[in-house]
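Peer 1: Supplied in structure tokens, the structure appears directly below.
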Amino acid sequence: MTIDGIDIQVEYKPIKNTHLAVYPPDGHVHVSAPDYLDDNDIRSYVVSKWNWVLKQREAIAAMPRQTARQYISGENHYLFGSRYLLRVEDTPGASEIQTRGNVMLMKLHRNANPHTLMQEYYRTLLKDVLAELLTKWTSELGISDYTWQVKTMKTQWGSCTKKSRSLLFNLELARVPKECIEYVVVHELTHLDVPNHNRLFETLMTQRLPHWRDRRQQLNDFIASEWKE
């Protein structure tokens, strides 16, 4: 369900009490609710706690992230869940990035922008992974009418616009494990069928990716998503 433009993830369980939480890094709202309640009950409950929800989201938005990258030798950078030690070398030729063991080698021409180089490196590799996953899952789900792109996003790992059948994926996904990327892909493809995080959405997610909740937790807990060292 959505309240004031904010998606609310509702998970129905055989429990007695309703639990409301707001999680980093994007401030997403999650409700664990007794399975005898309905969406109207949940909406009323969340609305009654709305000021608290907004305060929590503001606090998460203000949380410090990893310090700004200087792109100097000795920094740590992540690629698909693995941590690499950056080594920067000057080169008279074309700038490029390579990985060797646990080292990420950045060969940098003196006129090159290291941030732009890193972003394009991530973008290229992430697009390859997303293309493979989208081919796999759209074939399995019988989906053919859609578009997708990679974009820098501040508060979401991905998004889906059902009307235009367009998918967006956060460039930051290049830092997280591939199984987490697969969760985001299946999540957004499922939104082509169900726009909200309701019971039907959860049922479809469970049918398609049985351990999706574990992957969601892994994604939200992943150190790279909070830019910490």
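Peer 1: So what is the calculated 222 nm ellipticity per residue for the chain, using -39500 (n - 2.57) for each DSSP H run with n of 4 or more, over all residues, to the nearest 500 deg cm²/dmol? Don't jump to the answer; show the numbers that get you there.
Peer 2: Details: 6 runs with 84 residues, N = 229.
Calculated from helices alone, the mean residue ellipticity at 222 nm is -12000 deg cm²/dmol.
Peer 1: On a 0 to 90° scale, report how tilted helix 212-221 is relative to the longest principal axis of the chain, with both axes built from alpha carbons and the result rounded to the nearest 10.
Peer 2: 50
Peer 1: Using a 7 Å offset from Cα along Cα-Cβ at I6, what residues in the range 18-40 end up with backbone N under 15 Å from the label point?
Peer 2: 20-32
Peer 1: Turning to a different aspect of this structure: For Q70 paired with K178, estimate the spin-label separation in nm (one decimal), with each label point 7 Å from Cα along the Cα-to-Cβ line.
Peer 2: 3.4
Peer 1: Oh, and also: With r as the distance between the Cβ atoms of L141 and R87 and R0 = 35 Å, compute the FRET efficiency 1/(1 + (r/R0)^6) and round to 0.05.
Peer 2: Working: r = 42 Å, r/R0 = 1.20.
FRET efficiency, R87 to L141: 0.25.
Peer 1: Follow-up question, since we're still on this one. Roughly speaking, to the nearest percent, how much of the chain's 1.4 Å accessible area is carbon and sulfur? Working shown, then result.
Peer 2: On the way: 5920 of 12190 Å².
With neighbouring chains kept in place, the figure for the chain is 49 percent.
Peer 1: Using a Förster distance of 35 Å, how high is the FRET efficiency between K49 and R213, based on the Cβ-Cβ distance and rounded to 0.05? Each step should come with its number before you reach the end.
Peer 2: Values: r = 22 Å, r/R0 = 0.64.
Efficiency, from the Cβ-Cβ distance: 0.95.
Peer 1: Could you work out how much longer the chain between L125 and T155 gets when fully extended? Use 0.36 nm per residue separation minus the Cα distance between them, nm to one decimal. Each step should come with its number before you reach the end.
Peer 2: Values: separation 30, 0.36 × 30 = 10.80 nm, distance 2.16 nm.
Difference between extended and current length: 8.6 nm.
Peer 1: Follow-up. Which of the peptides 176-182, 6-12, 142-148, 112-118 is most tightly packed, and how do the rest follow, going by the mean number of other Cβ atoms within 10 Å of each residue? Numbers along the way, then the final one.
Peer 2: On the way: 176-182: 19.9, 6-12: 18.1, 142-148: 11.4, 112-118: 14.7.
Going by the mean number of other Cβ atoms within 10 Å, highest first, we get 176-182, 6-12, 112-118, 142-148.
Peer 1: Here's another thing I want to ask about it. Give me the one-decimal nm value for the distance between modelled label points at N198 and V103, 7 Å along each residue's Cα-to-Cβ direction.
Peer 2: Distance between label points: 5.6 nm.
Peer 1: Right, something else. Determine the per residue accessible area of the range 164-226 with all protein chains present and a 1.4 angstrom probe, expressed in square angstrom.
Peer 2: 36
Peer 1: So what is the relative contact order for the range 1-129, in percent, with contacts set as C-alpha pairs under 8 Å and at least six apart? Show your work: numbers first, answer last.
Peer 2: On the way: 167 pairs, mean separation 17.7, N = 129.
Here the relative contact order equals 14 percent.
Peer 1: Shifting gears a bit: With a 1.4 Å probe and every protein chain left in place, tell me how much accessible area T2 has, in Å² to the nearest 10.
Peer 2: The accessible area comes out at roughly 50 Å².
Peer 1: How many angstrom lie between the Cα centre of the range 116-155 and the Cα centre of the range 177-226?
Peer 2: 15
Peer 1: Any of K49/K151; K49/K162; K16/K49; K136/K178 with alpha carbons more than 25 Å apart? Name them for me.
Peer 2: Details: K49/K151 32 Å; K49/K162 29 Å; K16/K49 18 Å; K136/K178 14 Å.
In this structure, K49/K151; K49/K162 exceed 25 Å between Cα atoms.
Peer 1: Between beta-carbons, use under 15 Å as the cut-off and find the net charge around K16, counting Lys and Arg +1, Asp and Glu -1. Could the numbers behind the result be given before it?
Peer 2: Details: positive: K13; negative: E11, D35, D41.
Here the charged neighbours net out to -2.
Peer 1: Determine the sum of side-chain charges near W50: Lys and Arg each +1, Asp and Glu each -1, restricted to other residues whose C-beta is under 13 angstrom from that of W50. Can you show the working numbers first?
Peer 2: Working: positive: R43, K49, K55, R57; negative: D4, E58.
Result for the neighbourhood of W50: +2.
Peer 1: If I fit a long axis through the Cα atoms of helix 114-141 and take the longest principal axis of the Cα atoms of the chain, what angle between them do I get, 0 to 90°, rounded to 10?
Peer 2: Relative to the chain, helix 114-141 is tipped by roughly 50 degrees.
Peer 1: Can you tell me how the range 35-162 classifies by the Cα gyration tensor, rounded, prolate or oblate, using a/c under 1.5 as the rounded cut? Don't skip to the end; give the middle numbers.
Peer 2: Numbers: a/c = 3.04, a/b = 1.64, b/c = 1.85.
Judged from the Cα gyration tensor, the range 35-162 comes out oblate (a/c at least 1.5, b/c at or above a/b).
The values are calculated or read from the model by the stated rules, or taken from the named source; none is laboratory data. This is a predicted model, so every value here is computed, not measured. Please note: Cβ atoms are built from the backbone with ideal geometry, for glycine as well, and neighbour counts cover all protein chains shown. Note: accessible area is taken over every heavy atom of the protein model, side chains too, but ligands, DNA and RNA are not part of it. Shrake-Rupley method; radii C 1.70, N 1.55, O 1.52, S 1.80 Å.
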